[in-house]
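Structure record follows, encoded as structure tokens.
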Amino acid sequence: EIVRAHSDAIMSVVMAADCIYTASRDKTLKRWKVARAPSGKFELNVELEVPLGDVCWCLISAGEWLFCGLGDGTIKGFMKSGQDATLKGHTKRVGCLLTHQHVLLSGSADGSIRCWQMDPNTQTTFNCTHTITEGISGNVIAMAVLNDKLWVGGTSGVAVVDLASLKAIAQLEPKKFVAGMIQFEGHMIVVYADGAMVIFDGNGVQKLNQPALPAGPVLCIAGLDSGPRVLCGHSKGQVSSITLPMFTLKKHWQVLERCKVQTLCCAGHDGIFVLGAEN
């Protein structure tokens, strides 16, 4: 546990091959080196701190690039070799980032999704090639791809966008605030902010509708390969672990005292995950 890793809430955590990146409401990005103490416990040591100039709401690692979605609608990109890029287009905060077939997709509180592609000539500039606004369900919170469709979770439900035409083709019930989405074995698991969950098949048909989790409202989710499990981070400092594919609540436990679990990030096959807290 790193107490005061940042001076404000940790909004996003990303694992790269050799380090962990954290972004915070304190407007900084930090890179942490992972080591093991003689006791066997993990240690994290700050290697680098980058001032971002605004609150970072989401991070994504894509090849040599790390992208940060900021509160003013800007996306900042940093390359390992030292180059950086600024992607401007959104007018409100960028809440989620996704890569699909060499395209960077960004979802924003301005109700739009933008598609960005690297300029092959410069290799360091990105151009917005398409913008999707029609049929999006409010502010964009989460995105996931299933069967050539982009599923978009917003403040008022899920919209399904056909990636060939970039047109919204469906809006799925229930029309409520989405906390996160995970694609699993040809289905989409949608977790809502009130703690309820719905599993849809690839055509958007409801297959399972679960009532709210005992631990209450959900702020973030992650898929853990080990298990496999869905992890849910709750507003009162708890984490719920749900087994797949049976979709049963294995357990929920108190991780933090009286503060929100803002973000979850899974390491891979060994069952280890990192969480970032409001404190």
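The values are calculated or read from the model by the stated rules, or taken from the named source; none is laboratory data. Predicted, not measured: the structure shown is a model, and the values here were computed from it. Positions of Cβ are generated from backbone atoms using ideal geometry, with glycine treated the same way; all protein chains shown enter the neighbour counts. Only protein heavy atoms, including side chains, enter the accessible area calculation; ligands, DNA and RNA are left aside. Shrake-Rupley method; radii C 1.70, N 1.55, O 1.52, S 1.80 Å.
In this structure, residue 205 does not qualify as free of Cβ contacts under 8 Å to residues at least 60 places away in the same chain and surrounded by 19 or more Cβ atoms within 10 Å (Cβ to Cβ). Residues of the stretch 1-60 that are among the β-branched types (Val, Ile, Thr) and exposed (fewer than 12 other Cβ atoms within 10 Å of the Cβ): 3 alone.
Being touching a Ser or Thr at 6+ places or on another chain (Cβ under 6 Å) and assigned to a loop (DSSP other than H, G, I, E, B) is the filter; apply it to the stretch 112-144 and report the residue that is most open to solvent (accessible area, probe 1.4 Å). Residue satisfying both the conditions and the ranking: 133.
Would you mind finding the one in 8, 72 that is farther than 22 Å from residue 274 by Cβ, in contact with a Lys or Arg (Cβ under 8 Å, 6 or more places away or on another chain) and not basic (Lys, Arg)? Write out each step before concluding.
Values: 8 fails: farther than 22 Å from residue 274 by Cβ.
Within the list 8, 72, the selection yields 72.
Kindly evaluate residue 80 against the criterion of being charged (D, E, K, R), surrounded by fewer than 19 Cβ atoms within 10 Å (Cβ to Cβ), within 25 Å of residue 264 (Cα to Cα) and modelled with pLDDT under 95. When the stated conditions are applied, residue 80 passes them.
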